[in-house]
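Student: What follows is a single structure, and I will ask about it in a moment.
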Amino acid sequence: MFLATILRNVLRILIPLSVASTFYLYLYPVFFGCAFPLPQSLDQTEPNTAAAYQDTWRQHFVPSSSHAAPFRLLALGDPQLEGNTAIRNYNREPFLHLTWALRHLSFQTDQPSLRKRFRQVAHDLVDFWFDDIPDTAESIRKRIDLFGNDFYLAHIYRALKWWTQPTHVAVLGDLLGSQWIREKEFNRRSWRFWNRSFKGGERVPDEVAAYPGEEYEVAGLLGVEDSNATAWRRRIINVAGNHDVGYAGDLTVERLERFERAFGKAAYELRFELPVTNPVANATIYDAEKNPDSNRLVPELRIVNVNNMNLDTPAADQSLQDKTYAFVNDVINTASAVEYLGHFTLVLTHIPLYKPEGVCVDAPYFTFHAGGGVKEQNLLSSDASRGFLEGIFGLNGDPNAPGQGRGRRGVVLNGHDHEGCDTYHYINQTEGDERQWRATRWHSARADGLPGKPGVPGLREITVRSMMGGFGGNAGLLSVWFDENDWEWRFEFANCALGTQYPWWFVHILDLITLVVLAVYGIMKVAAAAGFNIESTSATATSSPPVKSNKAQAPISASNGDTKKP
């Protein structure tokens, strides 16, 4: 049983290594300390990551003792599912030149002479070796890569959803890898999105995704565990990206309709209310009859999903752009007055706001189609960005503006820049006519004391780093909670990265090798138990028969002195 001994010794190495690496991979959020930030006081400068990690454990074992924020958003950026169009020999014969060589040799083609026929055969055979074989090998590798990438993304979504227990999930655009794909390929990638990468997730129902209005129904209550909260844990808020519907110069009705059919509406709002259980605090809330002088509103979190693909001009379809402008204006017109407290606006979109070159990896960049229309852009224009800052959030450089220009509480989350970026947009009201919007990195803004500084209204914008393997498999963890003392919402953000796709592949290949070796070893043990020895049978079949010697043997000496013949 020499072979069985070797396999047994190999398994002594493979099994512990495979179990340990698999355990580590599938529990990576636990080992990496991933957790939603906990609610903290205003004077805390940095989130307490250790306390947040411990609280996540409590959510799993003693949920009633958890201090988690009532709103926890798992934000995923730019999965970009590629498809058949990324395969080299897609939609064509894999060994085309070999086929033509055989056709020439079998006289299925017309050639002027035998010499030219054989010359063409030689050319095709050369192309077969140097073109067809490498292309086919690369195409096979790409097919395997696409298959594995679906489950790599699924691993991130599934592991973080299980461990961190978000109340809501959002994918911040570029769900797919190209806006140019045809209907069949679009449906194929959409199926992979819902049945592989985000299996178990659901699109937001059209009747829930509401258009902004003065009269509205809340989409749910925060901090309340009911059937509606369970439904929101399954739903995925999908944002339209340039690779889903195209930039302004590419966006058409057909592309928008197919996106909305597969992934949900591209522009809508959701309002969630936070019940106030403290009767003293409840008595301070604005009421037209009982408490008309209060500036406190019922705590409410407003999610605005904005399709900002066609905010900038020129656009291919002016009617679609007009609808986007109307949507943004209605978001502004239905927002609470900036003088009131208690409302929080979370804007989810794809293209980041304008910022000067050097603040983030992506700098301002625009290209246009020859016939007109935006072909590509890294950031929104400064004018479109002001629509968010001054319109939706009500920030203003004029200290005499309503609410002293401080605007509404909120944050912007987006994708597009695969490297990610955390920035702070602000305007200094003391600069008079010279005042203008500026942007800096969030850590620099905090170090300079800009957030909350009197006379310097500002807004934080978080560009979530891509969840693609090439960028480290990232996920954003946004916590939003309500401070009853100041009657204001507060938030904090953390990032959790799995790492590149290569360790994921290594672990699963290692597991496969371990299972194969284990299966072979098991077969050999079963065969041996049944009395069938594979190794001895093989040895008997291959060994040579004994050779009889013709050499005479010497007599054997006996103990009594006599001689015995052998």
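The values are calculated or read from the model by the stated rules, or taken from the named source; none is laboratory data. Since the structure is predicted, the reported quantities are computational estimates derived from the model, not experimental observations. Here the Cβ is made from the backbone with ideal geometry for all residues, glycine too, and neighbour counts use every protein chain on show. Remember, those area values only see protein heavy atoms, side chains included, never the ligands or the DNA or RNA. Shrake-Rupley method; radii C 1.70, N 1.55, O 1.52, S 1.80 Å.
Student: Tell me the carbon and sulfur percent of the accessible area for the range 27-68, rounded to whole percent, probe radius 1.4 Å.
Tutor: Heavy-atom surface of the range 27-68 belonging to carbon and sulfur, 1.4 Å probe: 59 percent.
Student: Just need log10 I(q)/I(0) for the range 362-447 at q = 0.11, 0.23, 0.25, 0.26 Å⁻¹, Debye formula, equal scatterers on the alpha-carbon atoms, no solvent, rounded to two decimals.
Tutor: Each listed q maps to, in turn, -0.39, -1.27, -1.38, -1.42.
Student: Let me ask another. State, to one decimal in nm, how far the label point of Leu515 lies from the label point of Asp206, with both points 7 Å from Cα in the Cβ direction.
Tutor: Between Leu515 and Asp206, the label points sit 4.1 nm apart.
Student: Could I ask something else about it? Say the cut-off is 29 Å between C-alpha atoms; which of Lys265/Lys375; Lys265/Lys290; Lys323/Lys375 go over it?
Tutor: From the list (Lys265/Lys375; Lys265/Lys290; Lys323/Lys375), the Cα-Cα distance tops 29 Å for Lys265/Lys290.
Student: Still on this structure, please answer the following. With labels modelled as points extended 7 Å from the Cα through the Cβ direction, what inter-label distance (nm, one decimal) is found for Glu488 paired with Phe147?
Tutor: About 5.4 nm, to one decimal.
Student: Next question. Can you pull the semi-axes for the chain, root of five times each eigenvalue of the Cα gyration tensor, sorted largest first, whole Å?
Tutor: 62, 36, 20
Student: If you don't mind, another one. Computing the accessible area with a 1.4 Å probe over protein heavy atoms, can you report the carbon and sulfur percentage for the range 340-491?
Tutor: The nonpolar share, carbon plus sulfur, comes to 44 percent.
Student: While we're here: Multiplying the sequence separation of Asn295 and Tyr26 by 0.36 nm and subtracting their Cα-Cα distance, what value in nm do you get?
Tutor: 92.0 nm
Student: Sticking with this structure for a sec: Roughly how many Å is it from the Cα centre of the range 411-480 to that of the range 273-293, as a whole number?
Tutor: Each part reduced to its Cα centre gives a spacing of 33 Å.
Student: Ranking request for peptides 479-492, 500-513: highest mean number of other beta-carbon atoms within 10 Å first, then the rest in descending order.
Tutor: Answer by packing, highest mean first, reads 479-492, 500-513.
Student: Tell me what the chain gives for mean residue ellipticity at 222 nm when only DSSP H runs of n ≥ 4 count, each as -39,500 (n - 2.57), the sum divided by the residue total, rounded to 500 deg cm²/dmol.
Tutor: Here the helix-only value at 222 nm equals -11000 deg cm²/dmol.
Student: Quick check: at a probe of 1.4 Å, how many percent of the accessible area of the range 127-236 sits on carbon and sulfur atoms?
Tutor: In the range 127-236, the share of accessible area belonging to carbon and sulfur is 56 percent.
Student: At 1.4 Å probe size, put Lys355, Lys142, Lys116, Lys199 in order of accessible surface, largest to smallest.
Tutor: The ordering from most to least exposed comes out as Lys199, Lys116, Lys142, Lys355.
Student: Subtract the Cα-Cα distance of His123 and Asn333 from 0.36 nm times their separation in residues, and report this length gain in nm to one decimal.
Tutor: So the chain would gain 68.6 nm between His123 and Asn333.
Student: Where the Cα atoms of the range 368-515 are projected onto their three principal axes, how long is each span, largest first, in whole Å?
Tutor: Principal extents (largest minus smallest coordinate, Cα): 71, 55, 24 Å.
Student: With a Förster radius of 25 Å, plug the Cβ-Cβ distance of Thr284 and Leu221 into 1/(1 + (r/R0)^6) and report the FRET value to the nearest 0.05.
Tutor: Once rounded, the FRET efficiency stands at 0.80.
Student: Kindly list the residues of the range 74-101 that lie in the label zone of Asp131, defined by a backbone N under 18 Å from the point 7 Å along the Cα-to-C-beta vector.
Tutor: 87-101
Student: Okay, next question. If we sort 266-274, 167-175, 453-461 on the protection proxy, mean other Cβ atoms within 10 Å, highest first, what's the order?
Tutor: 167-175, 266-274, 453-461
Student: Tell me the label-point distance for the pair Arg234, Asp448, using the 7 Å Cα-to-Cβ offset, in nm and rounded to one decimal.
Tutor: Simple spin-label model gives 4.8 nm for this pair.
Student: At 1.4 Å probe radius, can you tell me the per residue accessible area of the chain in Å²?
Tutor: Per residue, the chain has an accessible area of 50 Å².
Student: For a quick protection proxy, order the peptides 376-385, 67-76, 221-230 by their average other-Cβ count within 10 Å, most packed first.
Tutor: 67-76, 376-385, 221-230
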